[in-house]
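Student: I'd like to ask some things about the structure below.
The values are calculated or read from the model by the stated rules, or taken from the named source; none is laboratory data. It should be emphasised that the depicted structure is a prediction, and the values quoted were computed from it without experimental measurement. Here the Cβ is made from the backbone with ideal geometry for all residues, glycine too, and neighbour counts use every protein chain on show. Areas reflect the complete protein model, heavy atoms only, side chains present, ligands, DNA and RNA absent. Shrake-Rupley method; radii C 1.70, N 1.55, O 1.52, S 1.80 Å.
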Amino acid sequence: MIYKELTYDELCIDRHEVYEAMQFGSDGPDETSKQEIDGLLSRIREILKPRFCYEILESLPPFELGKIINTQLKGSEAYALFICTAGREFMTFSEQIKENNDIFQTFAVDAIGSVIAEKCADRMELFLESELASRGWLHTNRFSPGYCGWHVSQQQILFPVFKGKTCDVTLTESSLMIPIKSVSGVIGLGAKVSKREYTCGLCNLQTCYRRKTIKPTIRS
């Protein structure tokens, strides 16, 4: 199993990704909001310990992935199961912000956490690519329980693969990951697979922030 702890700087967070996650329109937030977001990012930089782990298997556990993901993984010679997380340090910070009852900051930190988890997963993919290069292998997109018809309850099959070494991420009985700002899933590996541009046509999740471009009106 591969395990790696990252730093904030290694994530290469673009503030515009945070603005997108907060559902601001093309004009972005006003200057006051930008300053608040920058202040939060500076504080998060000091405490953040994102991390990831993955395990490469020759065959999958008895997942029920659904037609979409099975099609995307077709031709895989092996599979990487992964867990990526913003970490419990970020979770603690987020809880402290919520206690302040500042609606804007709470919303901003939630969005930042989503970006951190996804950027951590991006770094995991890059690390995986370097390992695959020696084999001459490529990889598919990553797919997570809860998306593309793969039921979130399948986390209960995915997590035992790691034998307790899950980057300190745990599951609730309803298969929610704690810390919440975590990502898990599967990636197909092999000489004849490919990574494709993500499209919302593959997924019917209407609550995904990337589907929306509505500018919020939430200042306290």
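Student: For segment 115-141, give me each residue that is farther than 23 Å from Met177 by Cα and crowded, with 22+ Cβ neighbours inside 10 Å.
Tutor: Matches in segment 115-141: Thr140 only.
Student: Quick one: how many residues across segment 142-168 are in contact with a helix residue (DSSP H, G or I) (Cβ under 8 Å, 6 or more places away or on another chain), open to solvent by less than 50 Å² (accessible area, probe 1.4 Å) and either over 26 Å from Ser76 (Cα atoms) or small (Gly, Ala, Ser) (or both)? Explain how you work it out, then say what you get.
Tutor: At the first step, the residues of segment 142-168 found to be in contact with a helix residue (DSSP H, G or I) (Cβ under 8 Å, 6 or more places away or on another chain) are 142-143, 145-146, 148-150, 166, 168.
Pick out the ones that are also open to solvent by less than 50 Å² (accessible area, probe 1.4 Å) and you get 142-143, 145-146, 148, 150, 166.
Restricting the remaining residues to those that are either over 26 Å from Ser76 (Cα atoms) or small (Gly, Ala, Ser) (or both) gives 146.
Final tally of qualifying residues: 1.
Student: Name the residues in segment 115-158 that are touching a residue at least 60 places away in the same chain (Cβ under 8 Å), hydrophobic (A, V, I, L, M, F, W, C) and in a helix (DSSP H, G or I), would you?
Tutor: Residues satisfying the conditions are Val115, Ile116, Ala117, Cys120, Ala121, Met124, Phe127, Leu128, Ile157, Leu158.
Student: Could you list, in sequence order, the residues of segment 75-91 that are in a loop (DSSP other than H, G, I, E, B) and either open to solvent by 10 Å² or more (accessible area, probe 1.4 Å) or at pLDDT below 95 (or both)? I'd like the intermediate steps shown before the answer.
Tutor: Within segment 75-91, the first condition is being in a loop (DSSP other than H, G, I, E, B), and the residues that meet it are 75-77, 86-87.
Selection gives Gly75, Ser76, Glu77.
Student: Failed condition for Cys53, given (1) closer than 30 Å to Trp137 by Cα; (2) over 17 Å from the mean Cα position of the chain (by Cα); (3) not in a helix (DSSP H, G or I), with all others met?
Tutor: Of everything listed in (1) closer than 30 Å to Trp137 by Cα; (2) over 17 Å from the mean Cα position of the chain (by Cα); (3) not in a helix (DSSP H, G or I), Cys53 misses just condition (2).
Student: A follow-up question, please. Only one residue in Glu10, Glu95 is under 17 Å from the mean Cα position of the chain (by Cα), surrounded by fewer than 17 Cβ atoms within 10 Å (Cβ to Cβ), assigned to a helix (DSSP H, G or I) and on the phi < 0 side of the Ramachandran plot. Which one? I'd like the intermediate steps shown before the answer.
Tutor: Values: Glu95 fails: under 17 Å from the mean Cα position of the chain (by Cα).
After ruling out the rest, the residue left standing is Glu10.
Student: Then there's this: If I filter segment 112-123 for residues that are touching an Asp or Glu at 6+ places or on another chain (Cβ under 7 Å) and either hydroxyl-bearing (Ser, Thr, Tyr) or closer than 17 Å to Val193 by Cβ (or both), do I get at least one hit? Before the answer, list the steps.
Tutor: We begin by selecting, within segment 112-123, every residue touching an Asp or Glu at 6+ places or on another chain (Cβ under 7 Å); these are 115, 123.
The next check asks that each one be either hydroxyl-bearing (Ser, Thr, Tyr) or closer than 17 Å to Val193 by Cβ (or both); those that pass are none.
No - not one qualifying residue is present in segment 112-123.
Student: So is Leu48 at negative phi and in contact with a Pro (Cβ under 6 Å, 6 or more places away or on another chain) or not? Full working, then the answer.
Tutor: Details: at negative phi: yes; in contact with a Pro (Cβ under 6 Å, 6 or more places away or on another chain): no.
No, not satisfied.
Student: Please verify whether Ser26 is in a loop (DSSP other than H, G, I, E, B), within 23 Å of Gln156 (Cβ to Cβ) and small (Gly, Ala, Ser), treating the condition exactly as stated.
Tutor: Values: in a loop (DSSP other than H, G, I, E, B): yes; within 23 Å of Gln156 (Cβ to Cβ): no; small (Gly, Ala, Ser): yes.
Spelling it out, it is not the case that Ser26 is in a loop (DSSP other than H, G, I, E, B), within 23 Å of Gln156 (Cβ to Cβ) and small (Gly, Ala, Ser).
Student: Let me ask another. Restricting to segment 98-114, give me the number of residues that are open to solvent by less than 50 Å² (accessible area, probe 1.4 Å), in contact (Cβ under 8 Å) with a residue 24 or more places away in the chain and of a type outside the set (D, E, K, R). So that I can check it myself, show each step before the final result.
Tutor: At the first step, the residues of segment 98-114 found to be open to solvent by less than 50 Å² (accessible area, probe 1.4 Å) are 102, 104-106, 108-109, 111-114.
When the remaining residues are screened for being in contact (Cβ under 8 Å) with a residue 24 or more places away in the chain, the result is 102, 104-105, 108-109, 111-114.
Cutting the leftovers down to of a type outside the set (D, E, K, R) gives us 104-105, 108-109, 111-114.
Count: 8.
Student: Which one of these is among the aromatic types (Phe, Trp, Tyr), over 26 Å from Thr7 (Cα atoms) and over 18 Å from the mean Cα position of the chain (by Cα): Trp150, Trp137? Steps first, please.
Tutor: Details: Trp150 fails: over 18 Å from the mean Cα position of the chain (by Cα).
Result: Trp137 is the single residue among Trp150, Trp137 that is among the aromatic types (Phe, Trp, Tyr), over 26 Å from Thr7 (Cα atoms) and over 18 Å from the mean Cα position of the chain (by Cα).
Student: Mind checking which residues of segment 21-40 are out of contact with any helix residue (DSSP H, G or I) (no Cβ under 7 Å at 6 or more places or on another chain) and buried (at least 19 other Cβ atoms within 10 Å of the Cβ)?
Tutor: Across segment 21-40, the qualifying residue is only Phe24.
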